[in-house]
């Protein structure tokens, strides 16, 4: 059969079997797998392993002391010359606050064409689509023309503390040509969506210590106020134009390439709609179109995540606080050296504060980027066009950070993100009433099945 006939056959099988495909996803979503609270993790990993084995995927649990298991699976084709690795995570966020859910977060229910449950889009629904694609190909009698591997972790929602170690320990087992992460959604317009990279990141906590205890605020003319000291220090990190003031910080930052700009020109972005969604008057750079998206994706960031100092209870308490702290994240772009940036951050903060200060800087994730001409990107674009019947939204970068760089650094298997779930603005990811539409799920299965087949058919 020609490729179009194969894709049509895949579509038909998914449509015919969709009731059972929905039921199996509901069974998966019923399982609590809350990594932050260590609830149901082993049970969920075993369920996932058993399901994968039942559809012909060789599967096993990878383990490390003190870590939740990784579910690894593979289908090997002796005649295949290409290997694709699929990444996802089976853990979910805690469901609280429960009173804001319209239904039980672990009793998946369908309303208005959407399936509501914790993990529906992040990431169980997406993950399930990647393995149900295998089931549908098999039911179609279509042999998968590649070596296909799956790496499903259980710690993504707690920062993946053992992710790198798992990859290093099982480097040969996980070897592949490319990696696809399915941990996002389609575009808000309904068009398919993919990301070719992401920013790097580190987390920082700055704590200023003053008097040995809180002091009556009548003594304010004498006692150093750690709250004010923190504000003054943070004010030296970034100016009102959103520029980081650390000398040398932008030295290796490069402008987007011509290829990147071509992609950005095709990304739908309506500033007015964006501002309405988030309830703001304007975006920080106060520009539009490609210029706005360039600011979003290709600029380093320094973001205050939280501030703590003094009394936070009801009413007032007249004190000079003896301690103040700030939590920040710093995001890095391609060509920056994150380790050097960490040194610059630490040196700069220490130079601009003379009192007692503690600076904690977390692990660093490097930025990652794949060329739009890479084979895996071209295959994903072709599959999107055939399944969704329209061109995908292809982002040269994700504004956030993640583990993509490790796939290239450790496995030499560059990674892209293919969104299968609900659009980010409407999925309620990490919030009450998380959901995925039945169409998102159906299209996601078809998309991954088409990707597996088309990748093996390319010369």
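The values are calculated or read from the model by the stated rules, or taken from the named source; none is laboratory data. The structure presented is a predicted model; accordingly, all values stated were derived computationally and were not measured. In this analysis, Cβ positions are derived from the backbone assuming ideal geometry, glycine residues included, and neighbour counts consider all displayed protein chains.
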- All but one of (1) surrounded by fewer than 16 Cβ atoms within 10 Å (Cβ to Cβ); (2) outside the structural domain of residue 326 (by TED's automatic domain parsing); (3) in contact with a strand residue (DSSP E or B) (Cβ under 8 Å, 6 or more places away or on another chain) hold for residue 267; which doesn't? (1)
- Considering only residues that are surrounded by fewer than 18 Cβ atoms within 10 Å (Cβ to Cβ) and under 25 Å from residue 82 (Cα atoms), look in the stretch 411-459 and name the one that is modelled with the lowest pLDDT. 459
- Every residue from the stretch 144-180 that is within 21 Å of the chain's Cα centre (by Cα) and free of Cβ contacts under 8 Å to residues at least 60 places away in the same chain: 159
- Message: Being farther than 29 Å from residue 3 by Cα and surrounded by fewer than 19 Cβ atoms within 10 Å (Cβ to Cβ) is the requirement here; does residue 108 meet it?
- Response: no
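Conditions tested, residue by residue: (1) more than 30 Å from residue 386 (Cα to Cα); (2) part of a loop (DSSP other than H, G, I, E, B); (3) touching a strand residue (DSSP E or B) at 6+ places or on another chain (Cβ under 8 Å).
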site: 19; (1), (2), (3): no, no, no
site: 28; (1), (2), (3): no, no, no
site: 48; (1), (2), (3): no, no, yes
site: 74; (1), (2), (3): no, no, yes
site: 78; (1), (2), (3): no, yes, no
- Mind checking which residues of the stretch 263-275 are under 24 Å from the mean Cα position of the chain (by Cα) and assigned to a helix (DSSP H, G or I)? 263, 264, 265, 271, 273, 274, 275
- Query: Does residue 252 satisfy being in contact (Cβ under 8 Å) with a residue 60 or more places away in the chain and under 35 Å from the mean Cα position of the chain (by Cα)?
  - Reply: yes
- Message: Can you tell me how many residues within the stretch 312-343 are surrounded by fewer than 18 Cβ atoms within 10 Å (Cβ to Cβ), assigned to a loop (DSSP other than H, G, I, E, B) and touching a residue at least 60 places away in the same chain (Cβ under 8 Å)?
- Response: 3
